[in-house]
Amino acid sequence: MTQLPVPPRRGCAFPELPELPPRVITPPTTPRPSGNGPFPSDNPTSLASHSLNSPTTNAHDSLTAIMDFGHSGMLNEDGIHVDMDRLKKGEVNLGTSIMAVTFKDGVILGADSRTTTGAYIANRVTDKLTRVHDTIWCCRSGSAADTQAVADIVQYQLGLFAMQSGKPPMTQTAASIFQEICYSNKDRLSAGLIIAGWDERFGGQVYSIPLGGSLHKQSYAIGGSGSTYIYGYCDANWKEGMEQAEAVNFVKGALREAIKWDGSSGGVIRMVVMTKDGADRHLYLPDSDYKERQ
């Protein structure tokens with residue numbers, strides 16, 4: 001079969017483009033800022049450094065590694081800043097609002113009920129007020145697992161002390177045990193605690209133990225991520241020697257403001273009122289404008 005010649009194309013013909021040499025992308029030589037900035041530190045174990053120095057990694061993969069802050073706990077894909085450096089992978093965090101105040105006849109503890117894992121709400125109705133003895137309670141913030149373990153140890157120690165001595169422990173004793181555990185394990189624990197109680201010798205007392213394990217006796221104490229937003233409210237409304245109803249309204253108002261502004265706080269408001277007559281629990285629901293549930 002005879003092949004016919006192909007006729008030349010009519011009209012405008014596009015000129016042939018010269019072949020371009022392959023583009024070589026060189027990784028930047030300027031060191032990345034270290035510390036708590038938006039980029040991981042430039043060390044051999046850093047995700048960004050490993051990606052840039054790898055001979056098999058292209059520029060797109062390097063950029064992806066630098067921008068993927070979710071793995072380093074800096075910035076998740078939804079744009080919410082979450083500092084997970086102190087938490088183990090998948091650990092539940094009590095990003096929270098807790099407080100305790102003294103009043104004329106005793107002490108009041110209060111807390112919200114939201115538990116988070118990063119930006120995910122793991123539990124909406126958590127109980128962050130833990131009884132360690134008849135008239136000694138604690139508010140827990142930080143790692144849920146760490147604070148539960150510490151509270152269980154202190155509860156055991158106080159029960160053993162009460163059986164051996166034949167008398168109830170003082171709030172100061174409980175706070176000292178909490179402080180000893182937190183300080184001795186400060187590099188392994190993520191726990192911010194408030195201890196409050198009533199005893200016959202000193203009446204109502206409030207102690208706070210922030211991260212690091214220091215111990216502070218205060219007239220009132222606030223803690224957790226939501227406490228940042230209510231320092232001004234508490235300073236403006238706090239009064240020594242308040243009646244019980246006035247102190248309850250003070251705690252409820254402060255926690256409502258914390259829940260309003262802090263994304264890691266929410267749910268119901270739980271309170272424990274302790275006097276010489278014992279401890280009473282109270283629950284306030286958000287769908288009824290935080291009126292007490294009967």
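Numerical summary
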read-out	value
Local electrostatic count, Tyr284, Cβ distance below 15 Å [Lys/Arg +1, Asp/Glu -1]	+3
Förster-model FRET efficiency, 30 Å R0, Leu211 and Tyr156, C-beta, rounded to 0.05	0.80
Virtual spin-label span in nm between Thr228 and Arg131, 7 Å along Cα→Cβ	3.5 nm
Entries of Lys104/Lys239; Lys217/Lys252; Lys186/Lys252; Lys104/Lys128; Lys217/Lys260 with Cα pairs more than 20 Å apart	Lys217/Lys252; Lys186/Lys252; Lys104/Lys128; Lys217/Lys260
Shape category assigned to segment 244-285 from the gyration tensor of Cα positions, a/c cut at 1.5	prolate
Cα convex hull volume per residue for segment 191-243 (Å³)	96 Å³
Full-stretch length increase - Ala119, Asp280 - with 0.36 nm per residue and alpha-carbon distance subtracted	54.7 nm
Taking segment 93-292 and dividing mean pair separation by its residue count, relative contact order in percent (alpha carbons under 8 Å, at least six apart)	30 percent
Ordering of 265-276, 151-162 by burial proxy (mean other Cβ atoms within 10 Å per residue, highest first)	265-276, 151-162
Segment 168-263: C-alpha gyration tensor shape, a/c 1.5 cut-off, then a/b vs b/c	oblate
Gain on full stretching of the segment that runs from Ser288 to Asp187 - 0.36 nm per residue minus C-alpha separation	32.2 nm
Highest to lowest packing among 99-108, 219-228, 283-292, scored as the average C-beta count within 10 Å	99-108, 219-228, 283-292
Cα gyration tensor shape of segment 93-292, rounded if a/c is under 1.5, else prolate or oblate by comparing a/b with b/c	oblate
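Here, each number is a calculation from the coordinates, and none is a lab measurement. Keep in mind that what you see is a predicted model, and the values were worked out from it rather than measured. Neighbour counts are summed over all protein chains in view; Cβ atoms, including those assigned to glycine, are modelled from backbone coordinates with ideal geometry.
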